[in-house]
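Q: Here it is, the structure, as structure tokens.
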Amino acid sequence: MPRVIKPKSFGAPLGMYSHGMAAPAGELVVVAGQVGVGAGGQVAGGDVGAQTRQALENVHAVLAAAGCDWGDVVRLQTFLVSADDIPGFMRARQEAFPGYFPDGAYPPNTLLVVSRLVRPELRVEIEAMAVRRPRRSAARPRVQPRKRARR
């Protein structure tokens, strides 16, 4: 499980994120930027809240396919196309994060405002990094050494 880093000289984060996080050894899982488009290819809605919820669901689907869950996430990066969308994004995140991170150990998140995304109707894109813990191999039965035949 990743461990939150809290520098003693820092105040609390400004939102639902940690200043840093240390992850145990494992395999790095990088989730490409996910947007508010559902499995059928339709944009979840014209507002940033609906698109944020869909983008988070898409991130979750990739995490699950990699054998991870939200507790394995060590970094998020979010892109919005307008600073006016920040409140709507924050509301959607505040609704989702307590269920994703019930212990309140939110991963670091960088929020950037960009001029646009790949399609003009898209309002938000979210990337993630997770660390998949090494899988434990099933215990192998111990093989007894063969007895040598006496001659």
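Q: If you scan the stretch 19-37, which residues turn out to be surrounded by 13 or more Cβ atoms within 10 Å (Cβ to Cβ), within 17 Å of T110 (Cα to Cα) and within 13 Å of the chain's Cα centre (by Cα)?
A: Going residue by residue through the stretch 19-37, those that are surrounded by 13 or more Cβ atoms within 10 Å (Cβ to Cβ) are 19-21, 23, 26-27, 29, 31, 33-37.
Of the ones still in play, those that are also within 17 Å of T110 (Cα to Cα) are 19-21, 31, 33-35.
Within the stretch 19-37, M21, V31, G33, Q34 meet the criteria.
Q: Would it be correct to say that G15 is farther than 18 Å from P102 by Cβ, assigned to a loop (DSSP other than H, G, I, E, B) and not aliphatic (A, V, I, L, M)?
A: Here the answer is no, as G15 does not meet what is asked.
Q: Hey, could you check the stretch 38-53 for residues that are among the hydrophobic types (A, V, I, L, M, F, W, C) and assigned to a helix (DSSP H, G or I) and say which is surrounded by the most Cβ atoms within 10 Å (Cβ to Cβ)?
A: So, considering only residues that are among the hydrophobic types (A, V, I, L, M, F, W, C) and assigned to a helix (DSSP H, G or I), the one surrounded by the most Cβ atoms within 10 Å (Cβ to Cβ) is V48.
Q: Conditions: (1) exposed (fewer than 11 other Cβ atoms within 10 Å of the Cβ); (2) under 19 Å from the mean Cα position of the chain (by Cα). V118 meets all but one. Number of the miss?
A: V118 satisfies all of (1) exposed (fewer than 11 other Cβ atoms within 10 Å of the Cβ); (2) under 19 Å from the mean Cα position of the chain (by Cα) except (2).
Q: Look through L112, L56, L76 and report the one residue that is farther than 21 Å from V4 by Cβ and either surrounded by 19 or more Cβ atoms within 10 Å (Cβ to Cβ) or touching a Phe, Trp or Tyr at 6+ places or on another chain (Cβ under 7 Å) (or both).
A: Matching residue, one of L112, L56, L76: L112.
Q: Shifting gears a bit: Return only the number of the condition from (1) touching a residue at least 12 places away in the same chain (Cβ under 8 Å); (2) loosely packed, with under 13 Cβ neighbours inside 10 Å; (3) acidic (D, E) that D84 does not satisfy.
A: Exception for D84: condition (1).
Q: May I ask you to list the residues in the stretch 109-138 that are touching a residue at least 40 places away in the same chain (Cβ under 8 Å) and either in contact with a Cys (Cβ under 7 Å, 6 or more places away or on another chain) or outside any loop (DSSP other than H, G, I, E, B) (or both)?
A: Listed by number, the residues that qualify are N109, V124, E125, I126, E127, A128, M129, A130, V131, R132.
Q: Same structure, new question: So which of G67, G71 ends up being under 19 Å from V131 (Cβ atoms), modelled with pLDDT under 95 and not in a loop (DSSP other than H, G, I, E, B)?
A: Working: G67 fails: not in a loop (DSSP other than H, G, I, E, B).
Within the list G67, G71, the selection yields G71.
The values are calculated or read from the model by the stated rules, or taken from the named source; none is laboratory data. Predicted model only: the values in this text are computed from it and were never measured. Positions of Cβ are backbone-derived with ideal geometry, glycine not excepted, and every protein chain shown enters the neighbour counts.
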